[in-house]
Amino acid sequence: SAAAALALTLTACGGGGGGGEAGLEPSKANPVTIKAGFIPVIDVAALYLGDKQGIFAEHGIKLDIKTGQGGAALVPSVVSGEYQFAFSNMVSVLSGRAQGLPLKVIGAGSNSTGVRGKDVTMIRVREDSPIKTAKDLEGRKVAVNTLNSLLQMLGDVSVRTAGGDPSKVQYLEMPFPDGAAALKKGTVDAMVTAEPFDTIPAQDGTRVIASPYPDMAQGSLTTSVYFASEQQIQKNPKLYAALQKAINESLTYAQQHPDEVRAQLAEFTQIEPAIREKVTLPTFKPEIDRPSIEKFVQAGTQSKIISKNVTYDDVVWTAPAG
């Protein structure tokens, strides 16, 4: 497949570059600049906030953040060594790992709330739509931000949970603002949202027909992660251990300071102040949840977005003790 060819090409590249000299230990006195690839979503506010609070500086890291459109697009940039780490939804990383890409999860990104009807991702239809449940999406057009990725898989999960056949749903790829506009116009029947693009269309004559994460599992799930390439980690485990600590401390701080997270959104998103106050924030916690990875692999393989089983121990990097 094209994906497998990409995997081989990228693996052959060896993932060089960046991250300071091999084995270099970052310190406050000698900070190491780390290039990170993020997408401008609420989840990454925790790291912007941690950086602002001096958490990364404490660990000898200077963050150089670049932003792009989708998490899957950042995978090649990490494998090639252009970025030392990046943010992505869980599915893109598991899918890449299943294809043989040398990806390792180094930190949790964010978690779902686990609350039906008040979560970070929902399926919405227009107020006047005849669609009642996710089963009714069979034969309908559903907007997702990226085809064959997280939100399409979540759409499938809800359709399956409601007793429908996901293969009968027509998914259309649209950036979130376009999806929201298409839903409003009626050129799509439904939209799989992610905050803040749940709250934005929610202001506007739509209603929720499904909450995919609670459909997938009870309780909160780790839904996004920070990841790096195995080659870069092996070259500089001390740097990645420091980075992992800074990420974990940032997540803990963000969970304790939701108002600061909301304020931070003004720095890297175009979210209006009124929306910033209303959006459903994800749960931030440093633990990378083992059952979450198993649930994602199960749903992703069912939707043929993850090509084979990936285990927690294979994909999650544990810093060496000391």
- Message: Against the condition part of a helix (DSSP H, G or I), at pLDDT below 95 and of a type in the set (A, V, I, L, M, F, W, C), how does Leu147 come out, does it pass?
- Response: no
- From Leu47, Leu74, Leu94, Leu101, residue being crowded, with 22+ Cβ neighbours inside 10 Å and within 18 Å of Ala241 (Cβ to Cβ): Leu47
- Item | Among (1) open to solvent by less than 30 Å² (accessible area, probe 1.4 Å); (2) not in a loop (DSSP other than H, G, I, E, B), the one test that Ser129 misses | (2)
- Note on the structure: A careful count of residues in the stretch 287-303 that are open to solvent by 30 Å² or more (accessible area, probe 1.4 Å) and at pLDDT below 95 gives 4
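Could you check the stretch 217-240 and list, in sequence order, the residues that are open to solvent by less than 20 Å² (accessible area, probe 1.4 Å), within 24 Å of Lys295 (Cα to Cα) and either hydrophobic (A, V, I, L, M, F, W, C) or part of a loop (DSSP other than H, G, I, E, B) (or both)? Before the answer, list the steps.
Going through the stretch 217-240, the residues open to solvent by less than 20 Å² (accessible area, probe 1.4 Å) turn out to be 217, 221-229, 232-233, 236, 239-240.
Add one more test, that the residue is within 24 Å of Lys295 (Cα to Cα), and what stays is 217, 221-229.
Ala217, Leu221, Val225, Phe227, Ala228, listed by residue number.
The values are calculated or read from the model by the stated rules, or taken from the named source; none is laboratory data. Since the structure is predicted, the reported quantities are computational estimates derived from the model, not experimental observations. With ideal geometry, Cβ positions are generated from the backbone for all residues, glycine too; neighbour counts draw on all protein chains shown. Note: accessible area is taken over every heavy atom of the protein model, side chains too, but ligands, DNA and RNA are not part of it. Shrake-Rupley method; radii C 1.70, N 1.55, O 1.52, S 1.80 Å.
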